[in-house]
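These notes are about the structure you will find just below.
What follows is calculated from the coordinates using simple rules that are stated; it is not laboratory data. A quick note: this is a predicted structure, and the numbers were derived from the prediction, not measured. When we count neighbours, we look across all protein chains shown, and the Cβ atoms used for this are built from the backbone with ideal geometry, even at glycine.
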Amino acid sequence: MTGEEVRAASRALSIEYAIRDVVVPATALEAQGHEILKLNIGDPIAYPGLPTPPHMVDAYAQAVHEGMNGYSPSYGLPELREAVAADERSKGWPATRDDIYVCHGVTEALQLLFAGVLETGDVVLAPGPHYPPYMAYPQMYGASTVEYRLDSNDGWRIDLDDLASKMNENVRFVVLINPNNPTGNVATPDEVDEVLRIVESWPQCMVIADEIYDGLDFTGHHVSVASRSDSVPVITLNGVSKVYFAPGWRIGWFGLHDPAGRLGSVREALERLLRSRLCASTPAQQGFLAGLNGDRSWMTPYVERVKAQRQRCLDRISGIDGLEVEAPGGAFYMFVRLTDPWWSTNDKQFVLDLLHEEHVLLVHGSGFSSERGSGHVRLVYLADVKVLDEAFDRIERFLKRSKMAAMSEMDS
């Protein structure tokens, strides 16, 4: 018997998830008795004042009490699939119940899509910056992720020329996160149309339309990507986490829009994978069903609160030397530029030093893209205005102190 360490898979050891990785040092500080202002995670329930709507909670609880605790069909409860399809039809594409598949959140949907389609040498084109699983998951299936550029000086708009230049026969998915995480950019209908036009020339390529934040659009121009396509296959992702304020339920779905009838093999592969992993949570599906079929007037005050907090952040950032931001058009994130010459190339160190010195937790932009996100931090603006103001007071104090220290070092 030797002391040799048992090997783990390199594909797992190489995975990074910046949003939760920064929680590790924050937890250590909390254990020492420090209170941390957490503006790092896109969990609406982590911030007081945005609870899951009561009628959805009641439906979930009732399902549990009535014994709906067994397995559901692998593709999801038929009545939920129909409700999702009806909601998507209202957004402009002819979804049917059979096009909708319910998953353990959007992250499981991504794993299923990549497992069902990708093989060694395949490529996923994702926006840079982007949500980390779009980089991490494809490598598990021998594929790779290549970033196309979002313009940090133009509201993080899609660089369509850059996207077109990176298309080839190995690209199987082009990802649109709309509204975008982490930048908050919302693509215009014309941009969506142009992306579809580019993809149309590549018959083995599909569009993944991650629309989990579609109900948090402040521009008025958000459109369903599937509603714009009459030839390109579009796989829409959405769920209960963000717009319905129930992230811990882990209920998401993907929908197949196949206008040219080309996804027969892909659909079969995905259905085989879905059957092999049994099903998503049955009572949580009932809760989501209540959200889709019930009154949605509660959404208006929620969205108005988020918009007000967004504006407070924009106002505060405009008055702080060392920070700039492109105003987000949707979701609940700001991707803030660090303009100080030192921090602009050390965004992760900025996050860690700010955490330890002022007990404010953000996420380093390089965690969303080592190239496109560097020199930025992501801020979640769901906290109460008083908390946001306190956080900005601390950030401003930290920046002033670090600038004075740098000037003192130059003088010595």
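Some values worked out for this structure:
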{"quantity": "Among [x] 70, 65, 51; [y] 70, 63, 41; [z] 78, 53, 42, the entry that matches Cα extents along the principal axes in Å as calculated here", "calculated": "[x]"}
{"quantity": "Beta bridge orientation in the chain: antiparallel %, DSSP, nearest 5", "calculated": "55"}
{"quantity": "Listed residue (G215, G239, S201) projecting farthest to the positive dipole end of segment 193-253, Cβ model", "calculated": "G239"}
{"quantity": "Lysines with Cα under 24 Å of K348, excluding same-chain neighbours fewer than 8 positions away", "calculated": "K38, K400, K403"}
{"quantity": "Computed lengthening from D154 to T120, 0.36 nm per intervening residue step minus Cα-Cα distance", "calculated": "8.7 nm"}
{"quantity": "Calculated FRET efficiency for the pair D315/H34, C-beta based, R₀ 30 Å, to 0.05", "calculated": "0.60"}
{"quantity": "Only Lys, Arg (+1) and Asp, Glu (-1) charged, at Cβ; the chain dipole about Cα centre in debye", "calculated": "600"}
{"quantity": "Förster radius 25 Å - calculated FRET efficiency between V24 and D384 (Cβ-Cβ, nearest 0.05)", "calculated": "0.50"}
{"quantity": "Unit charges on C-beta of K, R, D, E only; dipole of segment 54-293, Debye", "calculated": "640"}
{"quantity": "Euclidean distance of C-alpha centroids, segment 265-336 and segment 25-57, integer Å", "calculated": "16"}
{"quantity": "Inter-site label distance for S344 and S144 at 7 Å from Cα along Cβ, in nm", "calculated": "3.0"}
{"quantity": "Contour excess over end-to-end distance, with Cα ends at E271 and A61 and 0.36 nm allotted per residue", "calculated": "72.7 nm"}
{"quantity": "Peptides ranked, highest mean first, by Cβ atoms within 10 Å: ranges 65-73, 314-322, 231-239", "calculated": "231-239, 314-322, 65-73"}
{"quantity": "Estimated distance in nm for a label pair at E79 and D393, the labels positioned 7 Å out from Cα along Cα-to-Cβ", "calculated": "5.0"}
{"quantity": "Gain on full stretching of the segment that runs from D161 to K307 - 0.36 nm per residue minus C-alpha separation", "calculated": "49.4 nm"}
